[in-house]
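Input: a single structure, listed below in structure tokens.
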Amino acid sequence: MKKIFLMAIAAAFTLASCDGQLDSSNYTEANTGNFPASAADLNAELAALYGVMNQFSIDPLQTPWFVSHIMSDDANGAGGTGDVESHAIGHLMANKESLLDNAWHCTFVGIARANAIIYAVDAFDWTGQETTRNQLLGEAYFMRGLFYLWGTQFWGNIPAYWASAAPNPCPQQDAETVIFPHILADFVSAANLMTHGYTTRGDGHATKGAAEGYLARAYMFYEGFYKKKGELATATLEDVELPDQEGVTGALTKAQVVSYLEDAINNGGYSLVDDFRRLWQYTNELSAPDYPFVADLAAAKKYWAGNDNPEEMFQVQYVNLGNWVTGAAIGMGFCNQVALYSGLRCDDNGAGVSNGTAASIPFGQGWGQGTINANLWDDWPDSDPRKKATILDAPAELGEGTGFVFTTTCSEDAGYYNKKWITVTCARSTFDTNTDAYTWWGVYRKEKVGVANNNGNSFQGDHFNDIILLRLADVMLMHSELTGTATQMNKVQARAGVAQTGYSWANIKNERRWELAGEGIRFNDLRRWSGKDGGESCEAAKALQRQEGSRVNYTGRWTTMHHAASSWAKRYAATNGFLQIPPAQISITNDEEVLKQNAGWGADVADANMSGTPVY
């Protein structure tokens, strides 16, 4: 189990409140009222910067990881018949103007906090502490690059600035020509300033290896989506001119990106976990003994590798500070709400049989959102052990009518659930009360840690598994995709226990789909493999369109899925996969020269807005 540095967490919780709640404020403006007074204060600023990821986590349907998962062809919005938000996201539509308000808010709070550190660091004397100074600055550059990457992948051209405070007004910048070179520069700076081994693995801080991995992720999206280079291993890629800043020397080349990946793989201190299943919390020591699928692991006492496992390179971490207190700064952002949202659909089947009881151990009840699309199950060869390690075929594994039922409220539910994120229980869980030990985490804390259930609701609040944003297997696959070599891909395949293949673009795309399924990576992979303005015939549009006619259960009866207004292909072609900029932000500026709505999202676009959930 990971150790929690309470001082840093407390600082993040305290400083989070200074930004207020999203209303009519323009969150591209930085608040420098609490400018650090000493070098030591920068550590609190850095903790608050990481705390923005917990602010994102308040609502999973506004997080880059869960939203990107639902938008992909491998997931359905699902949930209940009244869950318009998840359905709208899954259909590339919007259901209300405030749908992404918190995501916009958090993006620019994060950017402002990163800028505050970057432009304050040299106001203090670091004599004899140069390595500490460089690490802190590198982490700030990393986080600024990350928030701009998330912002541009969500919305494309966004307001952007690289100074201690934003100009007023802060105009929209072109993502391709202006923002992405800055993103790449931030990750280069971070990689060059930080030192391998400086931070303790699993302490929640960015590392040199994480910066190198994210540099490749951003570079590949830039070259694939914006430059439309297709297969990157064989494409001619021009050098990318980067802005001048500390840690950046000259233009960025493909060879440099590859060398950064190789450094992360060889020198970052990371390694593949020996068994793919041990990456996911259902193999924990309390649940595994009662889960036949991992009986071999339990017999060998080889349990979950944990939140600080050697394959994790960057993650969102959670601690027992979640609460529903009115006006709380972060509230439930301190527990992994994605686990709750990904749990077996709550409610019953009309005959009194409910999901998430003792009969479904080790998988617990939740909102049933982000379920796996049937096409992923059908496309994935049964010979690949990762298929059943990733996807819960709930009727088959748990027993239809006993351990699992299709409820009277379910929608877009094919019975396939994401094991990587789902709620997990154990045999010692209690199911008659949500305030006691409902999840395995609740039992663990009660019996082994002695820490009370802080939020008073184990069902909704006892979820502390990391959201893994980057792991070594992803970095290894990016190396194979950039170089056109199979060495790193073969290592990933060998760990999975599948036949090793030679490099081809088709092979590496399939390998990324199987290895990283359900982790929020797929949607942007499809976008970069398609290129901007690919239309309805591009790979992303065609993959998304395959959701039409896929089998789903709706309120207890089997039917087929269809788009709520037009088609997935049309919505993707119209938007390029970009989301609606919050209309409130458009209204605040009231000037298209400063902020303009994205294509496909205007008030006059007939298929952009979902007035009610789809009825199948």
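What is the distance, in nm, between label points placed 7 Å from the Cα along the Cα-to-Cβ direction at Asn590 and at Asp296?
Taking the simple label geometry, Asn590 and Asp296 are separated by 6.7 nm.
Probe of 1.4 angstrom, ligands and nucleic acids ignored: what's the accessible area per residue over the range 460-500, in square angstrom?
Result: 23 Å² of accessible area for each residue.
Rounded to the nearest 500 deg cm²/dmol, what is the calculated helix-only ellipticity per residue at 222 nm for the chain, with -39500 (n - 2.57) per DSSP H run of length n ≥ 4?
On the way: 22 runs with 221 residues, N = 616.
Here the helix-only value at 222 nm equals -10500 deg cm²/dmol.
Pull up all non-local amide H partners of Arg471: gap of 5 or more, or a different chain, and H-to-H distance under 5 Å with H placed in the peptide plane.
For Arg471, whose amide H was placed from the backbone, the distant partners under 5 Å are Met313.
Keeping all protein chains in place and using 1.4 angstrom, which order do Ile265, Ile117 fall into by accessible surface area, from largest down?
Ile265, Ile117
Which of the trypsin sites (Lys or Arg not before Pro) across the range 187-237 are loop residues per DSSP, with 15 or fewer other Cβ within 10 Å?
In loop regions of the range 187-237 (DSSP not H, G, I, E or B), the sparsely surrounded trypsin sites (Lys or Arg not before Pro) are Lys228.
Could you list which residues have their amide H under 5 Å from that of Thr560, counting only those 5 or more apart in sequence or on another chain, with H placed in the peptide plane?
Here Val552 satisfy the definition.
Please work out the Cα center distance from the range 335-396 to the range 40-95, rounded to the nearest Å.
With the range 335-396 and the range 40-95 each reduced to a Cα centre, they are spaced 19 Å.
Of Lys387/Lys420; Lys208/Lys509; Lys420/Lys509; Lys229/Lys254, which ones are farther than 18 Å apart at the Cα?
Among Lys387/Lys420; Lys208/Lys509; Lys420/Lys509; Lys229/Lys254, the Cα-Cα distance tops 18 Å for Lys208/Lys509; Lys420/Lys509.
Projecting each Cα onto the charge dipole of the chain (Lys/Arg +1, Asp/Glu -1 at the beta carbon, about the Cα centre), which of Tyr219, Ala389, Phe187 comes out farthest on the positive side?
My answer, from the dipole projection, is Ala389.
So what J values fall out for the range 379-390 if you push phi through Karplus, 6.51 cos²θ - 1.76 cosθ + 1.60 with θ = phi - 60°, rounded to Hz, Gly and Pro as x?
Karplus values, whole Hz, x for Gly and Pro: 6, 7, x, 5, 6, 8, x, 5, 4, 7, 6, 9.
Specify the inter-centroid distance of the range 546-616 and the range 108-175, based on alpha-carbon positions, in whole Å.
31
Which loop-located GluC sites (Glu not before Pro) does the range 149-256 contain, where loop means any DSSP state but H, G, I, E or B and the Cβ has at most 14 other Cβ atoms within 10 Å?
Loop-located and lightly packed - Glu238, Glu241.
Provide the convex hull volume over Cα atoms per residue for the range 260-391, in Å³.
Value for the range 260-391: 193 Å³ per residue.
Quick one: if the Förster radius is 22 Å, what FRET efficiency do Val451 and Thr200 give, using the C-beta to C-beta distance and rounding to 0.05? Could you put the intermediate results ahead of the total?
Working: r = 21 Å, r/R0 = 0.97.
Efficiency, from the Cβ-Cβ distance: 0.55.
Might you work out the accessible area of Tyr222 for me, using a 1.4 Å probe with all protein chains in place, and round it to the nearest 10 Å²?
Rounded to the nearest 10, the figure is 20 Å².
Would you check the accessible area of Asp59, probe 1.4 Å, heavy atoms only, in square angstrom rounded to 10?
Approximately 40 Å² for this residue.
Probe radius 1.4 Å, ligands and nucleic acids ignored: give me the carbon and sulfur share of the accessible area of the chain as a rounded percent.
The computed percentage sits at 48.
Please list, or write none, the aspartates and glutamates whose alpha carbon is within less than 15 Å of the alpha carbon of Lys302, excluding same-chain residues fewer than 8 places away.
Asp274, Asp275, Glu285, Asp290
The values are calculated or read from the model by the stated rules, or taken from the named source; none is laboratory data. These numbers come from a predicted model, not from an experiment. Cβ: placed from backbone, ideal geometry, glycine included. Neighbour counts: every protein chain shown. Areas reflect the complete protein model, heavy atoms only, side chains present, ligands, DNA and RNA absent. Shrake-Rupley method; radii C 1.70, N 1.55, O 1.52, S 1.80 Å.
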